[in-house]
1. Is there any pair with a first residue in segment 20-38 that is touching a residue at least 40 places away in the same chain (Cβ under 8 Å) and a second that is surrounded by 13 or more Cβ atoms within 10 Å (Cβ to Cβ) and of a type in the set (D, E, K, R) whose Cβ atoms are under 8 Å apart and which are 6 or more apart or on different chains, and what are they?
2. Failed condition for Glu19, given (1) closer than 20 Å to Thr131 by Cα; (2) surrounded by fewer than 16 Cβ atoms within 10 Å (Cβ to Cβ), with all others met?
3. Inspect all residues belonging to segment 66-77 and state whether any of them is among the small types (Gly, Ala, Ser) and out of contact with any Gly (no Cβ under 8 Å at 6 or more places or on another chain).
4. Scanning for something at pLDDT 90 or above, crowded, with 19+ Cβ neighbours inside 10 Å and small (Gly, Ala, Ser), does segment 70-84 turn up at least one residue?
Amino acid sequence: MGTKSRETIYGASIRAAAERATEARKEADRLAVEAWNKRMLGFQGPAQPSPALCDAINAGFGYLEVKCLGCNTHQTVALDIVRRPKTTPVHELEWYMRCRQCSEIRGYLYKRSHLVALRPSKISANDPPSTWWPGGGEHLWYAKSLDRLYLWSDDGGCRKLRNKDNFRLVVCDGPSGCLGFVEV
């Protein structure tokens with residue numbers, strides 16, 4: 001007369017608990033990556049703290065979108081071929097990014113890049129590059145020390161808003177103190 005093995009008695013519940021833990025880790029990684037993406041696209045940083053490479057890959061975000069500040073192009077980097085430990089935070093990769101086009105033109109390694117977001121797929125015609133939020137092309141900046149309100153556009157133009165300009169300001173808390181939206 002034999003007894004049942006421990007595998008028979010406890011095996012199903014152990015496998016079910018391990019599967020639930022794996023799903024919970026995957027969901028936590030997905031939420032961490034989405035929060036980092038929203039911070040990067042909404043506030044244009046800060047990149048720290050960022051999820052680790054293994055967390056991004058586990059969440060299904062296998063590509064990192066990088067913008068070259070020299071030629072203004074967006075490229076994607078596959079995270080599974082990066083030669084760094086998988087526990088490396090994503091923001092540490094920014095130091096190693098080089099634009100191939102700018103480096104060929106200048107004749108030396110050109111390292112002016114900016115991390116944009118983590119992506120589940122490469123940039124393509126069906127999946128274009130990410131855009132900065134709010135993306136309207138005009139952004140508001142309030143110089144607290146100068147008590148002046150400035151409006152700048154993505155093309156680099158900047159102008160001071162005067163009292164004669166008709167605008168309505170909605171202010172909310174942001175990482176740099178005061179952000180807002182403006183209707184001109």
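The values are calculated or read from the model by the stated rules, or taken from the named source; none is laboratory data. None of the values given here were measured: they were computed from a predicted structure. Please note: Cβ atoms are built from the backbone with ideal geometry, for glycine as well, and neighbour counts cover all protein chains shown.
1. Every condition considered, the pairs that remain are Val33/Asp55.
2. Looking at each condition in turn, Glu19 falls short on (1).
3. Within segment 66-77 (the criterion being among the small types (Gly, Ala, Ser) and out of contact with any Gly (no Cβ under 8 Å at 6 or more places or on another chain)), the answer is yes, since at least one residue qualifies.
4. No, the conditions are met nowhere in segment 70-84.
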